[in-house]
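What follows is a short report on a single structure.
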Amino acid sequence: MKTLSCLSLSGGQGKTSSALLLGRLLAHQDYRVLMVDADPQANLTFYLGHEVQPDAPTLLEVLKRQVEMADGIYPLVYENLYLIPADESLHKVQEYLATSGMGALALRYCLETMAALFDYCVIDSPPQRTQICLSVVGASDLVLIPAEASTKGVNSLLLSLDLLEELRTSRAFRGQVLGVLPFRDKWFGRSQATDSREAITAMRQVAGHIPVLPSILESERYKQAIRLGRLLSEMGHADLEYPLHQIIELLRQA
Ligand SMILES: Nc1ncnc2c1ncn2[C@@H]1O[C@H](COP(=O)(O)OP(=O)(O)O)[C@@H](O)[C@H]1O
Ligand SMILES: [Mg+2]
C-alpha cells in the first residue's frame with residue numbers, strides 16, 4: 001500500500017477536493033483505496049456520503065487504539081473505496097498525540113496493519129500545523145501539495161514545504177513530495193488570469209526541484225462532480241481529469 005496525503009497549510013487550497021477526486025478515480029481504475037479523513041471539519045466524510053453514527057468508531061478511536069483498526073473502516077457506496085471517517089470530535093486526539101510520545105508515527109503504525117488489504121491510502125489533512133497534521137505527514141510515503149493559484153496559495157506552499165523540511169530533519173517524514181498542484185487556476189478563453197500566472201510562476205521558484213503539476217482549473221464542473229459524487233469523465237468532462245491522471249501516473253512510478 002502506498003500512502004498519499006494531500007497537505008497544504010491553509011483552508012481552501014484544494015486538499016479535500018483533490019483527495020476525493022483522486023481516491024474516486026483510483027477506485028474506478030480498480031485499485032483498492034482506503035480514504036482517511038484527518039480533518040476535524042470532516043468535509044471528506046461528508047462528500048463521500050458517509051454519516052457517522054453515534055458511538056460508531058472514527059479516526060479518533062482508531063488513533064487512540066480504542067478499537068481494532070478494521071472496526072474504524074467503512075465501505076462506501078463506491079466500489080473499491082473505503083473510509084476511516086472523522087467528525088468534529090477528532091480534535092480530542094490532539095492531546096493524546098502530543099503526550100503519547102509517538103505522535104508523528106501514530107497514524108503510520110495504524111495504517112501499517114492494513115497495508116496488505118489496500119493498494120493506496122489517500123489522506124485528507126487539516127489546514128493547520130496540528131499534532132494530527134504531523135501524524136499525517138509521518139504516515140505519508142508521498143505528499144501532494146495543492147495550492148490555490150493566488151498569493152495565499154504561494155504562502156501556503158511555503159509553510160507546507162517548511163513543515164516537511166522540518167519533519168524530514170527530525171526523521172518524522174521519510175517520504176517524498178510528489179508535486180505541487182495549482183488549484184483554481186483561472187483562464188478566460190485562451191488567456192490565463194494575471195494573478196494565476198504570477199502565482200504559478202512563484203510556485204515554480206519556491207518548489208525548486210519539486211514538480212509543479214498541471215493545474216486544476218477554476219471551474220464549477222469540479223464542484224458539481226464533488227457535490228453529485230460523480231466522476232468528471234462520467235459527466236462528459238474527461239479533459240478536466242487530466243491533472244488527476246498525471247498524479248496517478250506519478251503515483252504508479254513512485
Ligand atoms: N476547480 C474548482 N474551481 C473552483 N472551486 C473549486 C474547484 N474545486 C473545488 N472547488 C471549491 O473550492 C473550495 C475549497 O476546496 P477544498 O478542497 O475544500 O479546500 P481545502 O480542503 O484545502 O480547504 C471548496 O468549496 C470546493 O467546492
Ligand atoms: Mg479540506
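Observations, loosely collected:
- Calculated from backbone phi, Karplus (6.51, -1.76, 1.60) coupling profile of the stretch 82-99 in Hz, x at Gly/Pro: 10, 9, 9, x, 10, 9, 4, 5, 4, 4, 5, 7, 3, 5, 4, 5, 5, 9
- DSSP-defined antiparallel bridges as percent of all bridges, the chain, nearest 5: 15 percent
- Its Cα gyration tensor gives the stretch 126-196 an equivalent ellipsoid; the semi-axes, largest first and in whole Å, are 28, 11, 9.
- Take the convex hull of the alpha carbons in the stretch 96-160; its mean projected area over all directions comes to 5.1 nm².
- Summarised as an ellipsoid, the stretch 78-212 has semi-axes of 30, 18, 15 Å, derived from the eigenvalues of the Cα gyration tensor scaled by 5 and square-rooted, with the largest first.
- For the stretch 1-72, the fraction of C-alpha pairs more than 21 angstrom apart is 32%.
- Residue ranges 188-194, 158-164, 233-239 sort as 158-164, 233-239, 188-194 when ordered by packing (mean number of other C-beta atoms within 10 Å per residue, highest first).
- For the set 92/223; 15/186; 2/64; 15/92; 2/152, the pairs lying more than 28 angstrom apart at their alpha carbons are 92/223; 2/152.
- Mean separation of Cα pairs under 8 Å and 6 or more residues apart, divided by the residue count, gives the chain a relative contact order of 24 percent.
- With distances taken between every two different alpha-carbon atoms, the stretch 28-125 has a Kirkwood hydrodynamic radius of 13.6 Å.
- Separation between Cα centres of the stretch 158-206 and the stretch 218-239, rounded to whole Å: 23 Å
- Calculated Rg and Dmax of the stretch 155-254 using C-alpha coordinates, Å: 15.6, 46
- Using a probe of 1.4 angstrom and keeping all protein chains present, the accessible surface of the chain works out to 46 square angstrom per residue.
- Our compactness index for the chain, the C-alpha radius of gyration over the empirical 2.2 N^0.38 Å, is 0.95.
- A Förster distance of 22 Å, applied to the separation of the beta-carbon atoms of residue 228 and residue 79, puts the FRET efficiency at 0.80.
The values are calculated or read from the model by the stated rules, or taken from the named source; none is laboratory data. All of these numbers come straight from a predicted model, not from anything done at the bench. Positions of Cβ are generated from backbone atoms using ideal geometry, with glycine treated the same way; all protein chains shown enter the neighbour counts. What goes into the accessible areas is simple: the full protein's heavy atoms, side chains included, and nothing from ligands, DNA or RNA. Shrake-Rupley method; radii C 1.70, N 1.55, O 1.52, S 1.80 Å.
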